[in-house]
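Peer 1: Let me give you the structure first, and then I'll get to my questions.
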Amino acid sequence: MRRLRLLSLAVLALGLLGGWLLRAEEPLDLREHLHEVAPGESFTWHKSPYGHFRSEEGTVVFNTHQVAPQVRGWAGPIETLVALSPQGKITGIKILRHRETPNYVRGMLRREFLKQFLGKDINDPLQVGLDIDGVSRATVSVQALAEGVRVASRRMAGEVLGLEVRAGEEARALAWLRLSALAGLFLYALAGFWLLRRHPRWQRLRDASLLLGLLVLGLWQASPMSVLHVLNLLLLRVSAEPLLWVLLLGVALTVLVSAGRLYCGWLCPFGAVAEFVARLLPGRAWPIERTEEERLRRLKYPLLWLAALAVLLTGRTEFALYEVYVGLFSFSANPALWALVALSVLLNPWAWRLWCRWLCPVGAALALLSRNDPDRYPSSPLCPMGNAPRPEGAECIRCMRCYTPKRPMISRSNEG
């Protein structure tokens, strides 16, 4: 494991250095896109108070990120070109650039979706779920897009066009509910982990945590932990989305508390699907030789290295889109990824948690941070990972089926 950790650090260093030397992002030239949001008009550039174009007819065109840089999605700003009429109506809109996970934003890029903004007034709510229909499985990205358009348009209307902008309380209840549910999920998993160490028979606590992870992280919020979250941070694509930070801090806390893959065993929505399928469908585990099994388990590390290196060198997240949970819970994937999703789910009765054991990049990353503790976690025939006796800590997902408390030492002077 030490060698794997050193190789991982070398890959990250090479990717970051190579990306810094080779990757250069071309600046946007807004003039190339003006005719798409305001056809037939001639514009002049104005620097103050925010960089924008203004036509003889009074139309104002601007990049929302330049006006409201604090609004960001999962992986940074969603730069959007907006045309605003002198009366404060949105007359044109185009997404210029974003770094969101492609599987989650395909619907958001469609012309039919963006047409919802046309004709909206600066004092309209521009809230997802109110006057803007959300895109399935892209909640965070859509909210960031709508908020960027709303905040930037109101600033431009008030400070450039001189229009009256009504201040109002924006609906935040759903956002707080999502954050509270996610934070509560992590707290429940940590509390259940602590209780199972004292009462090993209470396995229903873990089953409930897996089910909640499937419902909250997978089906409702569509935000399972992804290696792309970490790679975007390494690329300095900092997000202002609280949901992401709760997710990252929650996973980090589980690593610190359990020194293992607690997220994989208690919270991962795809892990829940895999484990429940293995329990419900009849099947007999394939007999795989120990040496072959070890080779297969090592496969997840070079896959992680290749994906990380490609993303860090090019800045393109598409190179890491082999995570089956992203495809499954975004309801969006290419045929190859859908095939991998199907195989990873349907083969579980014969190869328990095969994705988690052999391929998962998040599992590989957490495995590199795991502590080897074979005395407390010696494995058992009921291990959902199919671990052999006294496995490496990297393969333990802390299901607690084999947990053995550390017994206190008894000194010889107290014997008898």
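Peer 1: Output the peptides 102-109, 23-30, 260-267, 355-362 sorted from most to least packed, where packing is the average of other Cβ atoms within 10 Å over each peptide's residues.
Peer 2: Output ranking for 102-109, 23-30, 260-267, 355-362: 260-267, 355-362, 102-109, 23-30.
Peer 1: OK, next. Please give the contour-minus-distance gain from ARG316 to LEU118: 0.36 nm per residue of separation, less the Cα-Cα distance, rounded to one decimal in nm.
Peer 2: Stretched fully, the ARG316-LEU118 segment lengthens by 68.2 nm.
Peer 1: In addition: Among ARG197, ARG401, ARG204, rank each residue by its count of other Cβ atoms within 10 Å, from fewest to most, as a rough exposure measure.
Peer 2: Ranked by crowding around the Cβ, least crowded first: ARG204, ARG197, ARG401.
Peer 1: Taking the chain as a Gaussian network, Cα atoms linked when under 10 Å apart, which of ALA13, ALA307, ALA189 shows the biggest mean-square fluctuation?
Peer 2: Looking only at ALA13, ALA307, ALA189, the largest GNM fluctuation is found for ALA13.
Peer 1: So if R0 is 25 Å, what FRET efficiency would LEU233 and LEU96 give, r being the distance between their Cβ atoms, rounded to the nearest 0.05?
Peer 2: Using R0 = 25 Å, I get an efficiency of 0.65.
Peer 1: From the phi angles alone, apply the Karplus equation (6.51, -1.76, 1.60; θ = phi - 60°) to segment 254-260 and give each ³J(HN,Hα) in whole Hz, x where the residue is Gly or Pro.
Peer 2: The phi angles translate into 5, 5, 5, 6, 9, 6, x Hz.
Peer 1: As a test of the formula, what do you get for the chain when each DSSP H run with n ≥ 4 contributes -39,500 (n - 2.57) and the sum is divided by the residue count, at 222 nm and rounded to the nearest 500 deg cm²/dmol?
Peer 2: Per the formula, -14000 deg cm²/dmol.
Peer 1: Label the chain by shape, choosing from rounded, prolate and oblate, from the square roots a ≥ b ≥ c of the eigenvalues of the Cα gyration tensor; if a/c is under 1.5 it is rounded, and otherwise prolate applies when a/b is larger than b/c, oblate when it is not.
Peer 2: prolate
Peer 1: Same structure, new question: Counting other C-beta atoms within 10 Å, which of LEU369, LEU22 has the fewest, and how do the rest follow?
Peer 2: Placing the least packed residue first, the sequence is LEU22, LEU369.
Peer 1: Spin-label point model (7 Å from Cα, Cβ direction): what's the TRP220 to TRP350 distance in nm?
Peer 2: In this crude spin-label approximation the distance works out to 3.7 nm.
Peer 1: According to the square roots a ≥ b ≥ c of the eigenvalues of the Cα gyration tensor, what is the shape class of segment 56-115, taking rounded for a/c under 1.5, prolate for a/b larger than b/c otherwise, and oblate for the remainder?
Peer 2: Oblate.
Peer 1: Here's a follow-up. How many nm separate the modelled label positions at LEU249 and GLU392, each set 7 Å beyond the Cα in the direction of the Cβ?
Peer 2: For the pair LEU249/GLU392, the computed spacing is 3.2 nm.
Peer 1: Mind checking the full-extension length gain between ASN334 and GLN66? Use 0.36 nm per residue of separation minus the Cα-Cα distance, one decimal, nm.
Peer 2: Here the segment from ASN334 to GLN66 would lengthen by 93.1 nm.
Peer 1: Could you list the residues of segment 371-385 with an amide nitrogen less than 20 Å from a label point located 7 Å from the Cα of ALA259 in the Cα-to-C-beta direction?
Peer 2: Correct set: 371-380.
Peer 1: Among all lysine pairs in the chain that are eight or more places apart or on different chains, how many have alpha carbons less than 23 angstrom apart?
Peer 2: Qualifying lysine pairs in the chain: 6.
Peer 1: Right, next: Looking only at HIS65, HIS35, HIS52, which one moves most when the chain is put into a Gaussian network model with springs between Cα atoms under 10 Å?
Peer 2: Answer for the Gaussian network model of the chain: HIS35.
Peer 1: For an R0 of 56 angstrom, estimate the FRET efficiency from the Cβ-Cβ distance between ILE288 and ARG31 and round to the nearest 0.05.
Peer 2: 0.40
Peer 1: Sort the following peptides by mean Cβ neighbour count (other Cβ atoms within 10 Å, averaged over residues), highest first: 248-257, 90-99, 147-156.
Peer 2: Order by mean packing, descending: 147-156, 90-99, 248-257.
Peer 1: Label segment 173-395 by shape, choosing from rounded, prolate and oblate, from the square roots a ≥ b ≥ c of the eigenvalues of the Cα gyration tensor; if a/c is under 1.5 it is rounded, and otherwise prolate applies when a/b is larger than b/c, oblate when it is not.
Peer 2: It comes out rounded by the Cα gyration axes.
Quick note: the coordinates plus some simple rules give every number you see, no bench work behind them. Note that the coordinates shown come from a computational prediction; the quantities given were computed from them, not determined experimentally. In this analysis, Cβ positions are derived from the backbone assuming ideal geometry, glycine residues included, and neighbour counts consider all displayed protein chains.
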